[in-house]
Amino acid sequence: MSFSENYDKVALGVGGVLALAGLGLGLSSHLSLDETYKVDTTISDREVEIPGIDQSMALEKILTDDHTIARPKVGEKEQQTFDMFVAPALWLKTGDTVPIDIYSGPPIHPPIPNTWFLENKLVADLSWSDALNRDADKDGFTNLEEFEAKTAPNDSSKHPLLVTKLGVSEMSAIGYFVAFSSDAMAPDYTFKGLHANGTTLWKADVKVGATMPEENPKKKVIHPNRFKLVEVTKKTFESKAGPEEDAVAIVEDTKETKKGTKYEIRKTNKYKQPIQDRSVTFSVLAGTKNGETFKVEEGATFKIPGDDKTQYKLQSVDLKQKTAIVTQEGSDKTWKIQ
């Protein structure tokens with residue numbers, strides 16, 4: 001065996017001895033550290049102390065109390081709850097770059113505030129450019145009209161006055177003349193009803209206090225017993241030849257729509273009094289009776305189909321302008337309908 005082989009064996013043996021010695025030293029040191037830094041794990045029987053809390057208060061009560069934070073309400077009627085821990089809905093107008101807080105921001109569709117849409121469950125309408133003109137309950141009234149009238153946009157039975165949704169479908173008139181024909185047989189005075197072309201519709205000889213024309217079962221008479229002769233007197237009139245005196249009859253209209261109207265009729269057919277009874281056929285453009293029509297005579301009171309509570313009066317009819325003036329009974333409100 002050579003010297004180099006004996007040397008390798010000797011070196012290997014020495015290395016093994018040194019490794020075992022190092023392992024023993026490490027184990028000894030580890031046991032020594034455990035002993036030095038030993039922790040006492042004994043469970044204490046003392047109460048838990050929490051800084052800042054009065055120990056006289058039962059800890060169990062503190063932990064079981066309701067610590068829920070109340071969600072505030074917003075809106076004019078405070079009906080919309082606002083979650084403090086969730087960001088509010090933000091809206092962006094077309095062409096704008098500044099987001100709008102739907103609760104406290106400026107109106108998206110002025111003049112209606114955003115909260116009105118929320119309170120009436122019309123949030124979806126906020127997304128439409130024509131939100132003011134939309135009609136959620138299909139009653140014929142827009143959001144803007146419902147807002148201005150303070151009615152419910154989601155209830156078709158609650159809407160603004162239907163008179164604002166009336167249209168004129170047709171106008172008609174019955175016209176003729178009443179003439180004070182003669183006083184030759186006083187105390188009986190002669191009156192005639194004349195057609196526009198001059199033909200006689202009826203003739204009546206009446207005393208003061210009597211009505212005319214008489215009802216004739218054999219011939220249709222326009223408005224029998226309508227005109228009452230109140231008085232016959234004398235009046236002076238100016239003419240080209242100078243002052244002249246003539247008989248004048250005071251006649252009162254007793255028809256319901258013109259009751260109390262008085263006409264002063266000078267004697268002879270030349271000074272005949274025009275009588276015109278005008279009527280309007282209205283069309284209902286909204287509400288539960290949308291599309292219905294009804295006829296009203298000038299001076300008559302009426303109710304609109306779909307609204308049995310409000311009463312109106314047809315004050316006047318302008319055939320040339322095709323307009324009707326309507327007023328609300330017990331109110332100074334007036335509408336011009338065409």
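The values are calculated or read from the model by the stated rules, or taken from the named source; none is laboratory data. These numbers were taken from a predicted model, which means no experiment stands behind them. Quick reminder, even Gly has a Cβ in these numbers, built from the backbone with ideal geometry, and neighbours come from all protein chains shown. To get the accessible areas, we keep the full protein, side chains included, count just its heavy atoms, and leave off ligands, DNA and RNA. Shrake-Rupley method; radii C 1.70, N 1.55, O 1.52, S 1.80 Å.
For the range 130-202, the list of trypsin sites (Lys or Arg not before Pro) that fall in a loop by DSSP and count at most 14 other C-beta atoms within 10 angstrom reads Lys138, Lys150. Projected label points at Thr268 and Lys255, each 7 Å from Cα along the beta carbon direction, are separated by 2.8 nanometres. Remark on Gly140: its backbone amide H falls under 5 Å from those of Gly287, a criterion applied only to residues 5 or more positions apart or on other chains, H modelled at 1.01 Å from N.
Considering the zone a paramagnetic label at Glu238 would reach in this model (a point 7 Å from Cα along the Cα-to-Cβ line), which residues of the range 249-274 have amide N under 13 Å from it? Inside the label zone: nothing. Measuring against 24 Å, Cα to Cα, the residue pairs Lys295/Lys336; Lys309/Lys333; Lys259/Lys313; Lys192/Lys313; Lys295/Lys322 contain Lys192/Lys313 as the ones spanning a longer distance.
Based on protein heavy atoms only, the range 184-338 ends up with 61 Å² per residue of surface accessible to a 1.4 Å probe.
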